[in-house]
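Before any comments, here is the structure.
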Amino acid sequence: MSKRMAELGLASRREADEWILAGWVKVDGQVAELGLRVGPEVQIEIDPAARQQQAQRVTILLHKPIGYVSGQPEDGYEPAAALLGEASRWSEDPLIGKLRFTPAHLRGLAPAGRLDIDSTGLLVMTQDGRVAKTLIGDDSDIEKEYLVRVQLANAPDTPEPMKHFPADQLALLNHGLELDGVQLREAKVSWANEDQLRFVLREGRKRQIRRMCEAVGLNVLALKRVRIGRIPLSHLPQGQWRYLAPWEKF
């Protein structure tokens, strides 16, 4: 049942399980039970209380600095969630005066995608399963844009690597590379300036950009995520956060 609800975009599977346990879901007029198996033709009704709970869930945009892990603490490093609090909320958050921060907004908050410990930029953390599904679901097609400062691996002191990097290797970054024996999806990779590449990806394998660069003879010096879907990092300062506004969509 929860799988069918997720397929229809009604809720994430976790949310669906919660709603079913709360008695907020009916199937063909009968209150659903957890684990119920259903076909595609069933009529599903959702109690308005479930929608109200869903609407109260927040999504937070954080400019993650280097040295923080996206999810659970590991190897002595703090999680990015440790940066979230009233004191670090961006003063230009468009919801200042409209949405007051409370500790309840941190409960059940989870990263919708990873950002390596040695990378900076936009990290999305959400209580809303619909947002998580949009960004990291199996069928997600959301673009993620990065600025990546690089050097030539075989000549690290060479200035302006753009002038010396072969065009066929740039073409390979766009399409043709494999990681762990799996063909990567087509990307958009171009030079942003003399030593910085712009990557636009529709997938997020572990340390993907760094490994892609290594495969074509480039070392990554700095990596920053500047956009997810239609949401840019913009002027959000490093180490600060803001709420995703109701009118913003990925």
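The values are calculated or read from the model by the stated rules, or taken from the named source; none is laboratory data. What you see is a predicted model, and the numbers here were worked out from it, not measured in a lab. Every residue, glycine as well, gets a Cβ built from its backbone with ideal geometry; the counts of neighbours run over all protein chains shown. Each accessible area value is taken on the protein alone, full model and side chains, heavy atoms only, with ligands, DNA and RNA left out. Shrake-Rupley method; radii C 1.70, N 1.55, O 1.52, S 1.80 Å.
Key figures
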{"read-out": "Carbon/sulfur fraction of accessible area - the chain, other protein chains in place, 1.4 Å, %", "value": "49 percent"}
{"read-out": "DSSP-assigned coil residues among GluC sites (Glu not before Pro) in the range 7-36, each with at most 13 further Cβ atoms within 10 Å", "value": "E33"}
{"read-out": "For the chain, size of Cβ-based charge dipole, Lys and Arg +1, Asp and Glu -1, in debye", "value": "440 debye"}
{"read-out": "Two-site label geometry, L34 and D141: point separation in nm, points 7 Å out along Cα→Cβ", "value": "3.5 nm"}
{"read-out": "Accessible area (Å², per residue) of the range 110-175, counting only protein heavy atoms and a probe of 1.4 Å", "value": "47 Å²"}
{"read-out": "Where Rh is the Kirkwood radius over Cα pairs, Rg/Rh for the chain", "value": "1.04"}
{"read-out": "Set of aspartates and glutamates near K26 by C-alpha distance (under 18 Å), chain-local residues within fewer than 8 positions excluded", "value": "E7, E15, D17, E18, E41, E45, D47"}
{"read-out": "Estimated dipole of the range 171-250 in Debye, rounded to 20 [Cβ of Lys and Arg +1, of Asp and Glu -1, Cα centre]", "value": "380 debye"}
{"read-out": "Label-point gap, in nm, between A245 and Q72 - each point 7 angstrom along Cα→Cβ", "value": "3.7 nm"}
{"read-out": "Farthest positive-ward along the chain dipole, Cα basis, beta-carbon charges - from M5, L223, H235", "value": "H235"}
{"read-out": "Distance violations [Cα-Cα > 23 Å] among K64/K163; K144/K206; K98/K249; K64/K133", "value": "K64/K163"}
{"read-out": "Bridge type composition, the chain - antiparallel percent by DSSP, nearest 5", "value": "90 percent"}
{"read-out": "Residues in the range 1-28 reached by a label modelled at Q43 [backbone nitrogen below 14 Å; 7 Å Cα→Cβ]", "value": "26-28"}
